[in-house]
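Taken together, the values in this text are just the output of simple stated rules run on the coordinates, not laboratory data. Predicted model only: the values in this text are computed from it and were never measured. Here the Cβ positions follow ideal geometry from the backbone for every residue, glycine too, while neighbour counts run over all protein chains shown.
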Number of protein chains: 4
Amino acid sequence: MTRIGFIGLGTMGRPMATNLLKRGFPLVVHDIVADRVAELATAGAEAAPRPRDLARQVDIVITMVPGPREVEAVFLGPDGIVHGARPGSLAIDMSTSDPALTRRVASALGAVGIRMLDAPVGRSPGHAAAGKLLIMVGGSAADLDDARPVFEALGDTIVHCGPIGCGETMKLVNNYLSMTTAVATAEALVLGVRAGLPLETMLQVLTTTAAANAHLTSTFPAHVFRGNFSPGFMLDLAHKDLGLALDLGAALQVPLALGAVGREVYAFARAAGKGRMDRSAVVTVFEDLLGVTVRLGGKDSTAER
Amino acid sequence: MTRIGFIGLGTMGRPMATNLLKRGFPLVVHDIVADRVAELATAGAEAAPRPRDLARQVDIVITMVPGPREVEAVFLGPDGIVHGARPGSLAIDMSTSDPALTRRVASALGAVGIRMLDAPVGRSPGHAAAGKLLIMVGGSAADLDDARPVFEALGDTIVHCGPIGCGETMKLVNNYLSMTTAVATAEALVLGVRAGLPLETMLQVLTTTAAANAHLTSTFPAHVFRGNFSPGFMLDLAHKDLGLALDLGAALQVPLALGAVGREVYAFARAAGKGRMDRSAVVTVFEDLLGVTVRLGGKDSTAER
Amino acid sequence: MTRIGFIGLGTMGRPMATNLLKRGFPLVVHDIVADRVAELATAGAEAAPRPRDLARQVDIVITMVPGPREVEAVFLGPDGIVHGARPGSLAIDMSTSDPALTRRVASALGAVGIRMLDAPVGRSPGHAAAGKLLIMVGGSAADLDDARPVFEALGDTIVHCGPIGCGETMKLVNNYLSMTTAVATAEALVLGVRAGLPLETMLQVLTTTAAANAHLTSTFPAHVFRGNFSPGFMLDLAHKDLGLALDLGAALQVPLALGAVGREVYAFARAAGKGRMDRSAVVTVFEDLLGVTVRLGGKDSTAER
Amino acid sequence: MTRIGFIGLGTMGRPMATNLLKRGFPLVVHDIVADRVAELATAGAEAAPRPRDLARQVDIVITMVPGPREVEAVFLGPDGIVHGARPGSLAIDMSTSDPALTRRVASALGAVGIRMLDAPVGRSPGHAAAGKLLIMVGGSAADLDDARPVFEALGDTIVHCGPIGCGETMKLVNNYLSMTTAVATAEALVLGVRAGLPLETMLQVLTTTAAANAHLTSTFPAHVFRGNFSPGFMLDLAHKDLGLALDLGAALQVPLALGAVGREVYAFARAAGKGRMDRSAVVTVFEDLLGVTVRLGGKDSTAER
């Protein structure tokens, strides 16, 4: 069976790697945090001390690290995958990264005969655990076919977005829209609450008009309306992803005024110490300022906030 | 049967007045455009030369005019409703207006014994024609009960939002979110197209994540994706409504950074001569600039644009 | 000698009216605050109970009220100047107002034979006291000639900006640039302080490059660098004036993205309770958030803040 | 006499290197463009094929390259300075770069015994030619003393801003304020012109109030008011520098809303093909849109635009 290497066992990587083990894939793992490696080893994985060592032992190497800086290091650094992977093997970067970097890494890997896909994921850690991620893939159709059994262990929606880098581009476009809309939604609800409208009334209206969006029906009910800001999607990452999308816009000369301001609203939240809360905690910037709360049924689980 | 006066027979007002006639309500109408009055007269309505004359003859007077300036004139001006309406009669302003003005008008009417509801509407001219509007009502429950048979002739969703002014507030919150999200959606799709992603692929992803919104599934398919920018909701009105929402925010000390910038993106579109197109034509600001189009199946009905 | 009426004896109006008395102009005054009237009466002015009564007694009536709402009331309301002023007399509105309103008032006055100038002022209450205001005049050259002796009692720089309304337009353009630049200056200095640059070093550089502006050399030294935020120019008014400038931009289809965001930064400051401090207190929004201060020589006059 | 290496002979680097030659410093130069090297060789400099070769031959190596990417390559790349410079020698990066990168480079150089200053410059190519640059220095006072004779050949204002990286930080703070203020100035002048105010009148007022800034008195007269947009400071660089300042803000958690939007206004200008014009050409985005021009005396040197 295809032997897989997995680098990056964080919030998303751990359940993903676990699913691969469950499906019976032989697995070699690496992380800079020893405890994370130990946990997967207990579950049946082998450990490798460095990315280059891991790459040497596997057919497919998957990376799931925090951002572009780590992607560059894990692929191209002195201990990087490029120095160990076998010719003909396949590298799949599932991190959220910069598509220009993706293409640069793919080019460096290609020079030594290693194929590459970019395949960042959508949805939540819960979806990762359930094997129901959305996977946005960039690269050749042939390489995607080779990776499909792996992707099917991780997600239930696999979208081929185009050539190498297009998975990352799709992810950034998605997160640009999602993160910007979250701020607009927070502003609108705070305006309504401040003006005296009951939240229930607002939802009754807003979910049936052109104002409808997934934050009103999904992410805010899980967090804002219950006063629970434990992170599904961390605010620091919302800020980072908007930055990557703005960088992409800058490279392509696309002016992105709303997202630019949206990023600075998240920056206010970070400066106020909310960076490790759920991104929807951006609403608490306004709540703190104005002394209102956007809660259903008067709930406010202060303990979690 | 309750005798109704209807002032303002524009894009929305005309089908609404027509529905009242169809339901058998005796109707008196007024508009500054003679042709509009003539059309309704042909259909069975009486005409009144001035708002004050109209108000004198009816139990319920409905106003559906472009904005706050016209609302003030039609209610409080020298020929205004306040000078003609019968004590005990009911005035219903269904225009999109400023809630502070609504309360000022209600107060002036109340001083001479006239009751008032604010009841701006959501959805499209098509919904108006079908009697399927969303009606957001501010005022007392008793007055709403009196108006209910009228509202049921006009809409299928009637939401009591709170005391007088709350209908307008709800409308502004709704339009704030809808108009701001439309700009973010335009930016995101242009970024993706510019980066080489097929629109079909983007929609496959964006409609299933936290980025999902009604523009992706409803307003943009009807306009942007077909290259048809004939107005469902006119861009000049999107700009105006954002201005009213920002004024509300200013009065209540709610900072609204995204909508403030969003309004200026619509201002770019207006300066480029797109004010009388559908609000979604904001996307063409980016299309014109970058030489890309956000269309499905290569469609671009240039004639309509 | 020309008999003058003066309405509005606030921070700016009081020293201005006092200067007219000192120059020997017979003066009739009005204000809604009785104490202010009493103070000027002690100094030699007569009092009039209503604007219309005042207007009846004078050759020139000057208004200096908070904003458009008050301008409309004092000129066109039931007790307004339009109902009392003598044909041939001259009305001078020195308030900061909306140029469209100015033209509407001028038109209403013109219909009953009253001439009008708009003449808002620049600089500080200190300049008002010293008779050294900047006066931006809109209206005919002939009317300006008639008003010149009065203006020379109030200011040392009189600029004829164009026909009626142009004084207000000039004032809004000026305040747009000043208020927006103040926010950019605050952001830049906070960024530098946060990054570890001494304020003295920053000023040494910034005052000699294309970054140089009057806030660095004048308004911030008087307030921010000393930690003294007692109002020279009140933050609530900065927010209001930006709103008027944005309204002007909306009417003329000029997109004004920076000022739109700038206004919302002032809105943050207002929401944080700083509306009655000097507008430069916008810097304290960032200071409070980040725990830094932008002070010279470690000064921070907490008492005044 | 101290032997100097100079890498990067572009718009700024060429006149700077020339000044060093004129002062009699023995000079070795490098650039990726052969013609530039040839020109300096004719004037008496030696040429080196790679940064590492150049570094081997000199006491002080100066770099003046476009941005962070090039700084990283020229110092740390395979042919980089770090691989050639002599222990005890001094590297001076005069490029506009990212302070975090500066510190990373300094650390890598320090590990092999090479000292480093960052010393980006202010003012124009004309000032570079005249040896009158503003030099913002980060690093130790001792190293600055060693570099002073060199700096005195290049500039007339040398400001020690703090430890390594502080020169770059100062430069970014300066450019943040300058670039953002330029957009606000453009918006304000366009608003005034559009409203019918003569530019001369606006300047008479704006240069004497809290709105005063160096663009009104220096950069705009040289460019905008004459319709001459040949680059003093290139618009693409304004966009890039704002991006670097925003990155610094992101790293330090300073929200920078105005600059974020300002950058997107420059992005509009870039998308409209103005990236290689003077940064003040941002005004032409508005001029093109609205059909107005901000010119003195009706001048518009179309040829240069």
* Among D:Leu296, D:Ala260, D:Leu235, which residue has its Cα positioned farthest towards the positive end of the charge dipole of the stretch D:169-304, with +1 placed on the Cβ of Lys and Arg, -1 on the Cβ of Asp and Glu, and the dipole taken about the Cα centre? -> D:Leu235
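Apply the a/c threshold of 1.5 to the C-alpha gyration tensor of the stretch B:195-259 and tell me whether it is rounded, prolate or oblate.
Here the stretch B:195-259 falls in the oblate category.
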* Asked: A:Gly249: net charge of surrounding residues, Cβ under 11 Å, Lys/Arg +1, Asp/Glu -1, itself excluded?
  -> 0
* P(r) weight above 31 Å for chain C, C-alpha pairs, percent -> 34 percent
* **Dmax and Rg, reported as Rg then Dmax, of the stretch A:16-69 (C-alpha, Å)** => 10.9, 32
* Rounded to 5, the percent of DSSP beta bridges in chain A classed as antiparallel -> 15 percent
* How high is the relative contact order of the stretch B:122-183, in percent, with contacts defined as C-alpha pairs under 8 Å that are six or more residues apart? -> 36 percent
* Structure fact -> From fewest to most C-beta neighbours within 10 Å, the residues D:Phe75, A:Phe220 line up as A:Phe220, D:Phe75
* Structure fact -> Among C:Ser280, C:Ser97, C:Ser89, the residue with the largest mean-square fluctuation in a Gaussian network model of chain C built from Cα contacts under 10 Å is C:Ser89
* Structure fact -> Taking a crude spin-label model, label points 7 Å out from Cα along the C-beta direction, the B:Arg23 to A:Ser218 distance in nm is 3.7 nm
* **lysines whose Cα lies under 25 Å from that of A:Lys240, excluding same-chain neighbours fewer than 8 positions away** => A:Lys132, A:Lys171, A:Lys274, D:Lys171, D:Lys240
* Structure fact -> Sorted on mean Cβ neighbours within 10 Å (highest first), peptides C:196-208, D:251-263 come out as D:251-263, C:196-208
* Asked: Under 13 Å from the Cα of D:Lys22, which aspartates and glutamates turn up, not counting those fewer than eight places away in the same chain?
  -> D:Glu152
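Tell me the net charge near D:Thr209. Cut-off is 13 Å between Cβ atoms, D:Thr209 excluded, with +1 for each Lys or Arg and -1 for each Asp or Glu. Please report the intermediate quantities before stating the final value.
Values: positive: C:Arg123, C:Lys132, C:Lys171; negative: C:Asp241.
Residues close to D:Thr209 contribute a combined charge of +2.
Rounded to the nearest 20 debye, what is the charge dipole size of chain B about its Cα centre when +1 sits on each Lys and Arg Cβ and -1 on each Asp and Glu Cβ?
Details: 28 positive and 29 negative charges, 39 e Å.
That gives a dipole near 180 debye.
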* **Volume of the Cα convex hull of the protein assembly as shown, divided per residue and given in Å³** => 187 Å³
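Based on the Cβ-Cβ distance from C:Thr11 to A:Ala47, what FRET efficiency comes out when R0 is 60 Å, to the nearest 0.05? Present the calculation step by step, with values, prior to reporting the outcome.
Numbers: r = 73 Å, r/R0 = 1.21.
My answer for the efficiency is 0.25.
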* **Principal axes of the stretch A:169-304: Cα extent on each, largest first, Å** => 46, 34, 23
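Between A:Leu296 and D:Ile32, what FRET efficiency follows from the Cβ-Cβ distance if R0 is 60 Å, with the result rounded to 0.05? Please list the in-between numbers first.
Numbers: r = 61 Å, r/R0 = 1.02.
E between A:Leu296 and D:Ile32, to the nearest 0.05, is 0.45.
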* Asked: Taking amide H positions as placed 1.01 Å from N in the peptide plane, with prolines and chain starts having none, which residues 5 or more places from D:Ile135, or on another chain, fall under 5 Å of its amide H?
  -> D:Gly122, D:Thr157, D:Ile158, D:Val159
* How much mean residue ellipticity at 222 nm does chain B get from its helices, if each DSSP H run of length 4 or more adds -39500 (n - 2.57) and you divide by all residues, to the nearest 500 deg cm²/dmol? -> -14500 deg cm²/dmol
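Mind checking the stretch C:119-207 for trypsin sites (Lys or Arg not before Pro) that DSSP puts in a loop (not H, G, I, E or B) and that have at most 15 other Cβ atoms within 10 Å? Provide the component values of the computation, followed by the final result.
Numbers: sites: C:Arg123, C:Lys132, C:Lys171, C:Arg194; in loops: C:Arg123, C:Lys132.
For trypsin sites (Lys or Arg not before Pro) across the stretch C:119-207 that sit outside H, G, I, E and B with at most 15 neighbouring Cβ atoms in 10 Å, the list reads C:Lys132.
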* Asked: How high is the relative contact order of chain C, given as a whole-number percent (alpha carbon pairs under 8 Å, six or more residues apart)?
  -> 13 percent
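Rounded, prolate or oblate: which fits the stretch A:117-213, taking a ≥ b ≥ c as square roots of the Cα gyration tensor eigenvalues, rounded meaning a/c under 1.5, else prolate when a/b beats b/c?
Working: a/c = 3.77, a/b = 2.52, b/c = 1.50.
It is prolate, given that a/c is not under 1.5 and a/b is the larger ratio.
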* **Sparsely packed GluC sites (Glu not before Pro) within the stretch C:204-305, loop by DSSP, other Cβ within 10 Å at most 15** => none
* Quote to one decimal, in nm, the extra length available between A:Arg86 and A:Ala129 on full extension: 0.36 nm per residue of separation minus the C-alpha distance between them. => 12.5 nm
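Let me know the whole percent of all Cα-Cα pairs from the stretch B:4-163 that are separated by more than 21 Å.
Here the long-distance tail beyond 21 Å is 37 percent of all Cα pairs in the stretch B:4-163.
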* Residues whose placed amide H lies under 5 Å from that of D:Val29, excluding near-sequence neighbours -> D:Phe6, D:Glu46, D:Ala47, D:Ala48
* Given the Cα-Cα distance of A:Arg3 and A:Thr208 and 0.36 nm per residue of separation, how much length would full extension add, in nm? -> 68.9 nm
